[in-house]
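Worksheet for the structure shown next.
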Amino acid sequence: MDNYSNAYYEILDCARSLIIAGGYSSFSYTDISEFVGIQKSSIHHHFPTKVDLVQTLVIQYRQQAEAGVTHIERLSPGPSDQLRAYISYWQGCIGDAAKGYCVCALLANQMPVLPEAIVVEVRAHFEALSGWLTLVLERGASQGYLALSNDARTEAETVIATVHGAMLSARAHGDPEMFSAITLPMIERFMIPTD
């Protein structure tokens, strides 16, 4: 990887950490310059505006999420296992200050003040996640592994809201175990016991 690529990805990683720490409005190119150790002009070379930077970050985040879903599907072929793997992924991130919260969830909370280009990307992330979880739940119900109280789309939105709410609770209480205390019972209510 050349220096151009190194700086590009360091800027994105720094922006991600700063968004997780304080949100979209909490940082500037000066902050990134200090953290990464490069001139602001170099940041502008890669990302002419903050909108360009955060839009690129969300696109990258969406690509990583799609790769994560593919990985879950490859390693966990059953719908029940896929739900558990999704929860397990976030449980593993909760204690990590740089990854402990979904960037898109944080940005979704700030949508009224975000530029439209970023809003579009954040919505696309949630649409993709909801679509995948809906398919997992539909498959699980049709195969007799999962019991749904509502239609699969509503249940998928409930899973998303519970996972992100559990992230918030874990963060607010400074207790990573709070995440699993909230999410595991939610997942277990879907499971049909096997003999």
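Coordinate-derived values only; no laboratory data. The structure displayed is predicted, hence computed values, not measured ones. Cβ coordinates were reconstructed from backbone atoms using ideal geometry, including for glycine residues, and neighbour counts include every protein chain displayed.
Among 108, 147, 141, 156, which is the only one that is crowded, with 16+ Cβ neighbours inside 10 Å, aliphatic (A, V, I, L, M) and farther than 30 Å from residue 13 by Cβ? Checking each option against the conditions leaves just 141.
Residue by residue, here is whether (1) more than 22 Å from the chain's Cα centre (by Cα); (2) of a type in the set (Ser, Thr, Tyr) holds:
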{"residue": "122", "(1), (2)": "no, no"}
{"residue": "127", "(1), (2)": "no, no"}
{"residue": "134", "(1), (2)": "no, yes"}
{"residue": "143", "(1), (2)": "yes, no"}
{"residue": "149", "(1), (2)": "yes, yes"}
{"residue": "160", "(1), (2)": "no, no"}
{"residue": "174", "(1), (2)": "no, no"}
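Here residue 191 meets each of (1) more than 20 Å from residue 56 (Cα to Cα); (2) surrounded by 16 or more Cβ atoms within 10 Å (Cβ to Cβ); (3) in contact with a helix residue (DSSP H, G or I) (Cβ under 7 Å, 6 or more places away or on another chain); (4) not basic (Lys, Arg) with one exception, condition (2).
Among the residues making up the stretch 35-58, those that are surrounded by 12 or more Cβ atoms within 10 Å (Cβ to Cβ), assigned to a helix (DSSP H, G or I) and more than 16 Å from the chain's Cα centre (by Cα) are 35, 36, 40, 42, 43, 44, 45, 46, 50, 51, 52, 53.
What about residue 87, is it assigned to a helix (DSSP H, G or I) and closer than 20 Å to residue 191 by Cα? Spelling it out, residue 87 is indeed assigned to a helix (DSSP H, G or I) and closer than 20 Å to residue 191 by Cα.
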